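Structure first, then comments.
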Amino acid sequence: MNKVFLTLLASSALFASLPLRAQAELDVVNLKSVIQRSVESDYPKLDALYKDIHAHPEIAFQEEKTAAKLAAEMRTLGFDVTEHVGKTGLVAIYKNGDGPTIMVRTELDALPMEEKTGLAYASADKTIWQGRETFVAHSCGHDIHMASWVGTAKTLVGLKDRWHGTLMFIAQPAEEIGAGAKAMLADGLFTRFPKPNFGFALHDGAFAYGTVLYTVGIRSSNLDGLYIKFRGRGGHGAVPQATIDPVMMAARFVVDVQSVISREKDPTEFGVVSIGAIHGGTAANIIPDDVVLSGTIRSFKSEVRAKMLAGIERTAKAVAAMSNAPEPEIKFTEGVKAVINDAGVVATAEKVLKAAFGDKFRPSPPVTASEDYSEFINAGVPSMFFNIGVYEPERVAAAREGEGPQLPTNHSPLFAPVPKPTIETGIEAMTLAVLSVFDEHAGGK
Ligand SMILES: [Zn+2]
Ligand SMILES: [Zn+2]
């Protein structure tokens, strides 16, 4: 008879004389084995779902068939499913008495690229994107997230006598273009449906399976786009005194803007500006009228971000002033904000995940990539975003020691997670994380 930690922790008076930590660890281990047995028996179906989704990926806002597959799975489990929330997104609700509402999010979308893994279930699918035909592949592993999401839902429904509250499972479109979370919110995600009290999401990465990485606070970066048009006055390359040279301004800006990073920003804080494109001019002996630059800006903290944007704008204007040119046209396009994990949610899940995974659950530095889950956090859902590994631990160790090849990362055409241990870890970690929060906030605490 499993008197699990949930009830034990909730009525700890009985065990007041026992060391609570030891008691909790013991019971989490017990609960983990209950979850593992459930996942093991569900796995063949999840494997089939994973391989089907992997072989037939769909790109941002085209995820109609993928969403329909998930909707069918969730209806079978007894969830109340609403489709087409934020174009192709879906919301699945499962009510189980009084308690908090907890959101679990997966992404739906794949990438416009060719898969080169050679796996039996590799994608050969193509689609039309931005007016061009392209291959499509789940090279970011969002298919792993979907299988873990369905498996977590199934496991939590199987354990429904051990928690009370509401599950809000959402499948979000278009994460790769940073537009899907916004689309779901704009379509009434937190007004047509209950606004969750807490939220969770996971992402896979090129490290050992069975390992779960997390942080308190910042988990991913702020992303902003940069567009600058330097306006000059065109003319003959041999008569520069009759022109205002925008190529000169662009060249000076590309170099000088890095002093914002090295001189203005605190060197101990993360911040990057990279100019990825310069367009201007047509011939060697013609000074053009204008030159356009575009770039990307990454940061973790909003104050660092603000400082960088101000410095970039000031540098661009100063460069134009030096040439006695008109003010440049400067546009910042706000991409996505940093994911910031809630200290309370992490502290609650941490106790349970540490007991379940030992040193395979550990803190790691934030990633410099960006992720639009931050939209849900900024809409007021305290959350925890964590990462799970996908490769054999021996291959990861060999790559680290320089004794084996580097392992393909997310967005590589060779990215190939080992499905079973990766999905099982995703389900176990997510199920335990959700249960820990239900337990901590049982009875409206
Ligand atoms: Zn990605
Ligand atoms: Zn991704």
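Taken over region 407-445, the criterion of being under 23 Å from the mean Cα position of the chain (by Cα), surrounded by fewer than 22 Cβ atoms within 10 Å (Cβ to Cβ) and either of a type in the set (Phe, Trp, Tyr) or part of a loop (DSSP other than H, G, I, E, B) (or both) is satisfied by Leu407, Pro408, Thr409, Asn410, His411, Ser412, Pro413, Leu414, Ala416, Val418.
On the given criteria, is Val39 modelled with pLDDT of 90 or more, more than 28 Å from the chain's Cα centre (by Cα), part of a helix (DSSP H, G or I) and among the β-branched types (Val, Ile, Thr)? So Val39 fails the test. Would you check if Gly141 is under 25 Å from Ile35 (Cβ atoms) and either within 13 Å of ligand 1 (Cβ to nearest atom) or of a type in the set (D, E, K, R) (or both)? Taking the combined requirement at face value, the residue satisfies it.
The rows are residues; the columns are (1) within 16 Å of ligand 2 (Cβ to nearest atom); (2) under 16 Å from Arg305 (Cα atoms); (3) crowded, with 16+ Cβ neighbours inside 10 Å.
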residue	(1), (2), (3)
Ala338	yes, yes, yes
Asn341	no, no, yes
Ala347	no, no, no
Lys354	no, no, yes
Asp359	no, no, no
Pro365	no, no, no
Asn378	no, no, no
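The residue of region 63-86 that is farthest from Phe357 (Cα to Cα), among those that are out of contact with any Asp or Glu (no Cβ under 8 Å at 6 or more places or on another chain) and in contact (Cβ under 8 Å) with a residue 40 or more places away in the chain, is Thr82. Criterion applied to Val381, Val396 was being in contact with a strand residue (DSSP E or B) (Cβ under 8 Å, 6 or more places away or on another chain), over 20 Å from Ile144 (Cβ atoms), in contact (Cβ under 8 Å) with a residue 60 or more places away in the chain and more than 16 Å from ligand 1 (Cβ to nearest atom), and the one residue passing it is Val381.
Out of (1) closer than 26 Å to Lys32 by Cβ; (2) within 14 Å of ligand 2 (Cβ to nearest atom), what's the single condition that is false for Val157? Of the numbered conditions (1) closer than 26 Å to Lys32 by Cβ; (2) within 14 Å of ligand 2 (Cβ to nearest atom), the odd one out for Val157 is (2).
Yes or no: region 119-133 includes at least one residue that is farther than 25 Å from Phe207 by Cβ, within 16 Å of ligand 1 (Cβ to nearest atom) and either crowded, with 22+ Cβ neighbours inside 10 Å or modelled with pLDDT under 95 (or both).
Step one: list which residues in region 119-133 are farther than 25 Å from Phe207 by Cβ, which gives 124-133.
Still in the list and also within 16 Å of ligand 1 (Cβ to nearest atom): 129.
Imposing the further condition that a residue be either crowded, with 22+ Cβ neighbours inside 10 Å or modelled with pLDDT under 95 (or both) reduces the set to 129.
Yes, region 119-133 has at least one match.
A single member of Ile388, Ile427, Ile423 is under 21 Å from Val150 (Cβ atoms), within 16 Å of ligand 1 (Cβ to nearest atom), modelled with pLDDT of 95 or more and of a type in the set (Val, Ile, Thr), and it is Ile388.
Name the one entry in Leu189, Leu185 that is out of contact with any Cys (no Cβ under 8 Å at 6 or more places or on another chain) and buried (at least 23 other Cβ atoms within 10 Å of the Cβ).
Details: Leu185 fails: buried (at least 23 other Cβ atoms within 10 Å of the Cβ).
Being out of contact with any Cys (no Cβ under 8 Å at 6 or more places or on another chain) and buried (at least 23 other Cβ atoms within 10 Å of the Cβ) holds for just one of Leu189, Leu185, which is Leu189.
Does at least one position in region 174-193 carry a residue that is within 23 Å of Ala343 (Cβ to Cβ), assigned to a strand (DSSP E or B), in contact (Cβ under 8 Å) with a residue 40 or more places away in the chain and not β-branched (Val, Ile, Thr)? Talk me through it step by step, then tell me what you get.
Residues of region 174-193 that are within 23 Å of Ala343 (Cβ to Cβ), as a first pass: 181, 190.
If we keep only those that are assigned to a strand (DSSP E or B) as well, we get none.
Scanning region 174-193, I find no residue that is within 23 Å of Ala343 (Cβ to Cβ), assigned to a strand (DSSP E or B), in contact (Cβ under 8 Å) with a residue 40 or more places away in the chain and not β-branched (Val, Ile, Thr), so the answer is no.
Across region 101-112, the number of residues qualifying as crowded, with 19+ Cβ neighbours inside 10 Å and either of a type in the set (Gly, Ala, Ser) or over 19 Å from the mean Cα position of the chain (by Cα) (or both) comes to 1. Inspection of region 78-96 finds no residue satisfying the criterion of being out of contact with any helix residue (DSSP H, G or I) (no Cβ under 6 Å at 6 or more places or on another chain), in a helix (DSSP H, G or I), more than 27 Å from Phe415 (Cβ to Cβ) and of a type outside the set (S, T, N, Q). Among the residues of region 201-216, just one is under 14 Å from the mean Cα position of the chain (by Cα), crowded, with 24+ Cβ neighbours inside 10 Å and either of a type in the set (D, E, K, R) or away from ligand 1 (no atom under 16 Å from the Cβ) (or both), namely Asp204.
Please find, within region 172-194, the residue that is nearest to Glu107 (Cα to Cα) out of those that are hydrophobic (A, V, I, L, M, F, W, C) and within 16 Å of ligand 1 (Cβ to nearest atom).
Restricting attention to region 172-194, the residues satisfying the condition of being hydrophobic (A, V, I, L, M, F, W, C) are 174, 177, 179, 181, 183-186, 189-190, 193.
After this cut, where a residue has to be within 16 Å of ligand 1 (Cβ to nearest atom) as well, the list is 174, 177, 179, 181.
Values: Ala174: 7, Ile177: 12, Ala179: 11, Ala181: 9 Å.
For region 172-194, the residue satisfying everything is Ala174.
The number of residues in region 247-275 being touching a residue at least 60 places away in the same chain (Cβ under 8 Å) and in a loop (DSSP other than H, G, I, E, B) comes to 1.
Being of a type in the set (Asp, Glu), touching a residue at least 24 places away in the same chain (Cβ under 8 Å) and within 15 Å of ligand 2 (Cβ to nearest atom) narrows it down to one residue among Glu424, Glu371; which is it?
On the way: Glu424 fails: within 15 Å of ligand 2 (Cβ to nearest atom).
Of Glu424, Glu371, the one residue that is of a type in the set (Asp, Glu), touching a residue at least 24 places away in the same chain (Cβ under 8 Å) and within 15 Å of ligand 2 (Cβ to nearest atom) is Glu371.
Being surrounded by fewer than 24 Cβ atoms within 10 Å (Cβ to Cβ), away from ligand 2 (no atom under 16 Å from the Cβ) and not in a strand (DSSP E or B) is the requirement here; does Val150 meet it? Judged against the criteria, Val150 is not a match.
Can you name the residue in region 153-164 that is in contact with a helix residue (DSSP H, G or I) (Cβ under 7 Å, 6 or more places away or on another chain) and assigned to a helix (DSSP H, G or I) and, of all such residues, is modelled with the lowest pLDDT? In this case the residue turns out to be Arg162.
Away from ligand 1 (no atom under 16 Å from the Cβ), crowded, with 23+ Cβ neighbours inside 10 Å and more than 27 Å from Ser412 (Cβ to Cβ): is that true of Leu159 in this structure? I'd like the intermediate steps shown before the answer.
Details: away from ligand 1 (no atom under 16 Å from the Cβ): yes; crowded, with 23+ Cβ neighbours inside 10 Å: no; more than 27 Å from Ser412 (Cβ to Cβ): yes.
No.
The values are calculated or read from the model by the stated rules, or taken from the named source; none is laboratory data. Owing to the predicted nature of the structure, the values given are computational and were not obtained by experimental measurement. Note: ideal-geometry Cβ built from the backbone for every residue, glycine included; neighbour counts use all protein chains shown.
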